[in-house]
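J.: Mind having a look at this structure? Questions to follow.
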Amino acid sequence: MSKRIARLEANLNAQLLYRTTRKLSLTDAGRTLYHKAKLAQLAIQEAENTVIGYGENMKGHIRVTAPVVSSDLLLSTAIAEFCKKYPEITVELYITNRLIDLVEDGFDLAIRTAELGDSSLIVKRLIDSQWVICATQNYLNKYGTPQTPAQLQNHDCLIYKFDNTSSDLWPLYEGWC
């Protein structure tokens with residue numbers, strides 16, 4: 001213990017204790033440090049007491065951003081259920097196909113329909129979605145029915161593109177079309 005105190009005194013460049021062979025007593029610097037440390041400890045305890053129970057009795061405000069396709073397909077029911085389960089939490093839902101910077105724009109959560117690039121954000125996969133390739137009967141009658149993915153290159157293909165980073169290619173099982 002005396003080595004730790006000596007190291008602290010060296011770091012602070014101040015003597016904290018008077019030492020005799022029989023007792024230790026605080027110097028003025030030691031009393032000041034003790035008083036300030038005690039106040040800091042009380043502030044930390046008060047801060048901890050303020051948030052104890054947040055996990056059990058969740059409350060507050062959450063800002064969420066999501067693309068249009070996710071809001072239509074998934075979020076309305078999920079958010080309604082969430083709000084019913086946690087009535088003391090308000091949810092602000094911002095629907096946009098623009099990729100929002102969560103930190104810069106003050107959002108707590110983002111629903112994305114693509115891979116997240118290199119990021120320090122925490123990522124959790126919610127669902128795996130599958131896209132389907134379909135055509136009207138009139139189109140197939142006019143241009144023929146493709147039998148392999150490679151044959152799609154000869155057809156007019158629509159791409160769901162919601163931002164400048166989306167690909168102009170269809171990701172298919174055996175490669176790209």
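J.: For the residues D28, D128, what sequence is obtained by ranking on other C-beta atoms within 10 Å, fewest first?
T.: Fewest-to-most ranking of D28, D128: D128, D28.
J.: Pick out, from L33, I44, Y18, the residue whose Cα sits farthest towards the positive end of the charge dipole of the range 2-51, with +1 on the Cβ of Lys and Arg and -1 on the Cβ of Asp and Glu.
T.: Y18
J.: Estimate the FRET efficiency between H35 and I127 by the formula 1/(1 + (r/R0)^6), using the beta-carbon distance for r and 41 Å for R0, to the nearest 0.05.
T.: With a Förster radius of 41 Å, E is 0.15.
J.: Quick one: in the range 53-127, what % of C-alpha pairs are over 21 Å apart?
T.: 30
J.: Here is a further query. Please list the non-local residues whose amide H lies under 5 Å from the amide H of L26, H modeled 1.01 Å from N, same-chain partners needing a gap of 5 or more.
T.: Excluding prolines and chain starts, which carry no amide H, the hits are Y18.
J.: To continue, here is another question. For I95 and N141, FRET efficiency with R0 = 41 Å and r from the beta-carbon atoms, rounded to 0.05?
T.: On the way: r = 37 Å, r/R0 = 0.91.
Efficiency at R0 = 41 Å is approximately 0.65.
J.: Just subtract the alpha-carbon distance of K84 and E46 from 0.36 nm times their residue separation and send over the number in nm, one decimal.
T.: Roughly 10.6 nm would be gained on extension.
J.: Moving to a separate point now. Amide H of A110 versus every other amide H placed in the peptide plane: which residues, excluding those fewer than 5 positions away on the same chain, fall under 5 Å?
T.: T65
Coordinate-derived values only; no laboratory data. Values in this document were obtained by computation on a predicted structure and should not be read as measured data. Here the Cβ is made from the backbone with ideal geometry for all residues, glycine too, and neighbour counts use every protein chain on show.
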